[in-house]
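A short write-up of the structure that comes next.
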Amino acid sequence: MDFGQSHNQVVFTNRARCRDCYRCLRVCPVEAIGIRDDQAFVDQRRCVSCGTCIRQCPQKAKSYRKDLAEAMEMVRAGRVAASIAPSFACLFDNWQIRRIPSALRKLGFGYVAETACGADWVATETAEHARRRPDQMTIATACPAVVEYIRRYRPEQCDNLAPVVSPMRAHGRAIKAKLGDDVKVIFIGPCVAKKAELQADPDAAVDLALTFEELLEWFAMAEIKLADFEESAFDESPTRTSRLFPLEGGCLKTAALPLDYCDTRNVIVSGFEAICDALDTADADGCVLEPLFCAQGCINGPVIACEKTLLQRKRSVLDYIDHADQADKTAPPVKLDQTFSEDRLREETVTEDQIRHVLEKTGKQNPADQLNCGACGYLTCRRQAIAVLRRMAEPDMCVSWVRRLAERRTDRIIETSPNGIIILDEQLTILHINPSFKRLFMCTDAVCGKPVSYLMDAAPFQAVASGRQDLFEATVHHEKYSLFCHEVIYALQDEGQLVGIFVNLTRAVTSKRQYDQLQAQTLQQAQNLLRHQVDMAGKIAEYLGQSTAESEKLLVNLMQIAQNAPPPDKDTDRWPNGFYTSK
């Protein structure tokens, strides 16, 4: 669903398909498409339902309200008449055209006729109105997109709109006058704006508008193949010239007004830019302006569903006119009057200070920075700023601004990186060094412009520059700087540059060396201690052995002495050695 999309909205965005390409913004003639949260949406109040965005969207994300289900229900429910626009002739070959009435009757239409019948009366009424106002410009009102554009965006021109209904409404009124008000009328044509025309100003003349796309879809659902039908005629035939209405100049030709492309009295314009130019510059005195919103007319409608080229379409219409049944000119059987009132678009007022603030926010405070490239969908940076203030756009839609932000972020990353970064050209000349590189290699920006060999061995860079290596990666000891670095060197092929990234490993390498040295010292000390303990144990064992031997010898001597001593004297209880025993 679209942002703010109502049930009755005619043109809307399929958000699942929208890819944020801004194509619809660029082609929308009235800037009715906005961007919110990176998604396009159609502002119904601004939209004139011209269908340009539907035709131009590469992702088919723009669509229109389909009324086929309602049409099928109408046909099932009661009496329904079909009014088919004269541009239908460019969709089919001649043999197919003669079978269209039979196919429409097969769908359930009880009355089938060409909208060109109404076009003849509309052209006549428009010419009469112009004759009654010889001093004022008259703008034909057959194209609903043009009418809505004037009512909303050029309200000062509303008085110049011919107060005449469109051919669709004229034919619808005539059918109901002929068959009864209970008959439903369905218009079939190449235009999305016809749906909006009925919705904006319903008068019960036409009940529903289908596109040719919807008609072909209906044929497919009903399994209708034109080759299976017999030829038949429409229930009424228009004049020959009225079938020219889908072509440039068709209205003026049908009205029998002088048509000279070298004259500016009666002007034929198609396409939005040509219409704007004509409204700005056409001679107001008696000028009749026939504007068609689609370039080259209705045969180029946004949903005409035709694969033929425009020239082939024009030939098909002209060929059909030459071979189809013709009717005599008749007076309008119904009133064709319609009043067109202003429906001025009320824009939110924005101040110069607000515009300046938005421009400054996107880095465009200086006129030189306002590129007016149109990439965002707006012709100028100023108009994009106004759209931002009216909540129809977002600041980051500016491609150049987003690119500058990205470049600044990249520069910021490089400048604040703790790793040293150096950029060289293909000749290994230093282009740029970041602050970390300067600290590691004790240099300044003065080295820029000098060969890298001025600072270090250039061999790794040469290996990558020559193509011998796609990537150089190694841990290198720069003795001159008492520095150990893990280095990564690679090439930017498109830019013809080399990038070197240096990760400082000096502390880690030094710590590891100290650890290895301490480990070796500890191992040596442990080995020395072990040897000392072994030696000590040996000496202790030797001492113990000697002491044990001497003790053993002493004991042996004592035992021998004890065994060889004389018995004591019985009279004196005295031993020979003079010791006495206690009694």
In this structure, does K364 turn out to be assigned to a loop (DSSP other than H, G, I, E, B), charged (D, E, K, R) and farther than 26 Å from S270 by Cβ?
-> yes
Only one of A256, A209, A200 is closer than 29 Å to V288 by Cα, in contact with a helix residue (DSSP H, G or I) (Cβ under 9 Å, 6 or more places away or on another chain) and at pLDDT 95 or above; which?
-> A209
Qualifying residues in the stretch 71-97 (those that are under 20 Å from A119 (Cα atoms) and of a type in the set (A, V, I, L, M)) - the one surrounded by the most Cβ atoms within 10 Å (Cβ to Cβ) = A82
Residue count, the stretch 60-77 (criterion: at positive phi and of a type in the set (G, A, S)) | 0
Residue pairs qualifying under the 7 Å Cβ cut-off, at least six apart or on distinct chains, with the first in the stretch 115-141 being assigned by TED's automatic domain parsing to the domain that holds I84 and touching a residue at least 60 places away in the same chain (Cβ under 8 Å) and the second being in a loop (DSSP other than H, G, I, E, B) and of a type in the set (K, R), are D120/K329
Going through the stretch 477-502 one residue at a time, which ones are without any contact (Cβ under 8 Å) to a residue 24 or more places away in the chain and either in contact with a Gly (Cβ under 7 Å, 6 or more places away or on another chain) or closer than 22 Å to I414 by Cα (or both)?
-> H486, V488, L492, Q493, D494, E495
Which of the residues belonging to the stretch 113-126 are buried (at least 22 other Cβ atoms within 10 Å of the Cβ) and not polar (S, T, N, Q)?
-> A113, E114, A116, C117, G118, A119, D120, W121, V122, A123
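Here is a yes/no grid of residues against (1) of a type in the set (S, T, N, Q); (2) assigned by TED's automatic domain parsing to the domain that holds K194:
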| site | (1), (2) |
| --- | --- |
| C18 | no, no |
| E31 | no, no |
| R45 | no, no |
| V48 | no, no |
| Q56 | yes, no |
| K60 | no, no |
| E73 | no, yes |
| R76 | no, yes |
If you check L259, L210, L252, which single one turns out to be within 24 Å of I321 (Cβ to Cβ), assigned to a loop (DSSP other than H, G, I, E, B) and in contact with a Leu (Cβ under 7 Å, 6 or more places away or on another chain)?
-> L259
Near pairs, Cβ below 6 angstrom, 6+ apart or cross-chain, from the stretch 423-450 (at positive phi) to any residue that is aromatic (F, W, Y) and at pLDDT 95 or above | L428/F461
Residues being free of Cβ contacts under 8 Å to residues at least 60 places away in the same chain and of a type in the set (V, I, T) - total across the stretch 269-313 | 3
Any residue in the stretch 81-100 that is among the basic types (K, R), in contact (Cβ under 8 Å) with a residue 12 or more places away in the chain and closer than 30 Å to Y153 by Cβ?
-> no
Residues in the stretch 231-240: is at least one modelled with pLDDT of 90 or more and either within 45 Å of the chain's Cα centre (by Cα) or on the phi > 0 side of the Ramachandran plot (or both)?
-> no
Considering only the stretch 283-322, how many residues are assigned to a loop (DSSP other than H, G, I, E, B), within 38 Å of the chain's Cα centre (by Cα) and either over 17 Å from L252 (Cα atoms) or of a type outside the set (F, W, Y) (or both)?
-> 13
Tally the residues that are in contact (Cβ under 8 Å) with a residue 12 or more places away in the chain and assigned to a loop (DSSP other than H, G, I, E, B), restricting the search to the stretch 458-476.
-> 2
Restricting attention to the stretch 335-364, and to residues there that are among the polar types (S, T, N, Q) and surrounded by 14 or more Cβ atoms within 10 Å (Cβ to Cβ), which single residue is farthest from H129 (Cα to Cα)?
-> T362
Return a yes/no flag: does the stretch 133-146 have any residue that is in contact with a strand residue (DSSP E or B) (Cβ under 9 Å, 6 or more places away or on another chain), under 30 Å from L289 (Cβ atoms) and of a type in the set (D, E, K, R).
-> no
Counting only residues that are more than 23 Å from P333 (Cα to Cα) and in a helix (DSSP H, G or I), how many does the stretch 184-201 have?
-> 5
Considering only helices (runs of 4 or more DSSP H) fully contained in the stretch 2-82, which possess at least 1 residues that are over 30 Å from G172 (Cβ atoms) and among the basic types (K, R)?
-> 23-27
Can you tell me which residue within the stretch 392-424, out of those that are more than 23 Å from the chain's Cα centre (by Cα) and of a type in the set (S, T, N, Q), is modelled with the lowest pLDDT?
-> T410
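The values are calculated or read from the model by the stated rules, or taken from the named source; none is laboratory data. The shown structure was predicted, so the numbers you read here are calculated from the model rather than taken from an experiment. Here the Cβ is made from the backbone with ideal geometry for all residues, glycine too, and neighbour counts use every protein chain on show.
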